[in-house]
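J.: Structure provided below as structure tokens; questions to follow.
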Amino acid sequence: PRSRLAAAGRMRVLVAPDSFKGSLGAVDVAHALSRGWARARPGDELVLMPQADGGEGTLAVIAQAIGDATWSAHDTATGPHGRPVSARWLNMPDGRAVVELAESSGIAYLDRLDPLGATSRGLGEVIRRTDCSRLTVALGGSASTDGGLGALRALGLEVFDREGRPVPEGGAGLLVAERVDTSSLLSPPAD
């Protein structure tokens, strides 16, 4: 049997784009596409479901899908370049937090790639700020190749080189890491 929409010559159209890198986020793309479609076929039913791959824009897509999620921000998180950035996260109605790596440590912050120096430290700083018992981390869009070392260090992990000195930030730290101390991992911050 044909649906009522089809019988009326109408269609149900799913608009499910990802972002248009460098121009519009997925939510804005979905709205723009639906406005264009509605001008050409005003009788069709449009269902907007913007997508994200875990990189920049993932929080916006989740916020659109979960209407009563609330935003929080850490205004001085360490960016991948070592300078402060504002990084947001979502507080979900069930008490869980959703953090997006690209918010604090995203490639969009860099003018040029820095695989040995870029850090994920800001991600760990944001995780510390969430104050939740359950956490989801979207890991796309990273500027760093430090394997999460910076994030773990912000959460209390200590990493040392052969001589017992703390390793540098970024991928360079992985090259000389010899020993880790987990005794302070996830301990309360010393604010």
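The values are calculated or read from the model by the stated rules, or taken from the named source; none is laboratory data. Owing to the predicted nature of the structure, the values given are computational and were not obtained by experimental measurement. Note that we place each Cβ from the backbone using ideal geometry, even for glycine, and neighbour counts take in every protein chain shown. Heads up: the accessible areas ignore ligands, DNA and RNA and are worked out on the full protein's heavy atoms, side chains in. Shrake-Rupley method; radii C 1.70, N 1.55, O 1.52, S 1.80 Å.
J.: State the number of residues belonging to the stretch 170-184 that are more than 11 Å from G147 (Cα to Cα) and not in a helix (DSSP H, G or I).
T.: 8
J.: Got a sec? Which of V126, V98, V167 is open to solvent by less than 70 Å² (accessible area, probe 1.4 Å) and more than 17 Å from G54 (Cβ to Cβ)?
T.: Details: V126 fails: more than 17 Å from G54 (Cβ to Cβ); V98 fails: more than 17 Å from G54 (Cβ to Cβ).
Of V126, V98, V167, the one residue that is open to solvent by less than 70 Å² (accessible area, probe 1.4 Å) and more than 17 Å from G54 (Cβ to Cβ) is V167.
J.: Same structure again: Considering only the stretch 5-17, state which residues are out of contact with any strand residue (DSSP E or B) (no Cβ under 6 Å at 6 or more places or on another chain) and modelled with pLDDT of 90 or more.
T.: Those that are out of contact with any strand residue (DSSP E or B) (no Cβ under 6 Å at 6 or more places or on another chain) and modelled with pLDDT of 90 or more: M11, A16, P17.
J.: In the stretch 148-163, is there at least one residue being under 14 Å from the mean Cα position of the chain (by Cα), farther than 23 Å from R96 by Cβ and surrounded by 24 or more Cβ atoms within 10 Å (Cβ to Cβ)?
T.: No, every residue in the stretch 148-163 fails to be under 14 Å from the mean Cα position of the chain (by Cα), farther than 23 Å from R96 by Cβ and surrounded by 24 or more Cβ atoms within 10 Å (Cβ to Cβ).
J.: Which members of the stretch 172-191 meet the condition of being open to solvent by less than 60 Å² (accessible area, probe 1.4 Å) and either modelled with pLDDT under 95 or touching a helix residue (DSSP H, G or I) at 6+ places or on another chain (Cβ under 6 Å) (or both)?
T.: G173, S184, S187
J.: Just give me the residues in the stretch 44-89 being open to solvent by less than 40 Å² (accessible area, probe 1.4 Å) and more than 19 Å from A108 (Cβ to Cβ), in sequence order.
T.: D44, A69, S72
J.: Six or more apart or on different chains, Cβ under 7 Å: which pairs go from a residue in the stretch 146-172 that's at positive phi to one that's among the small types (G, A, S) and modelled with pLDDT of 95 or more? Could you list them?
T.: Taking only residues 6 or more apart or on different chains, the pairs are G148/S120; G170/G117; G170/A118.
J.: Does V137 satisfy the criteria of being open to solvent by 30 Å² or more (accessible area, probe 1.4 Å) and within 19 Å of D75 (Cα to Cα)?
T.: Criteria met by V137.
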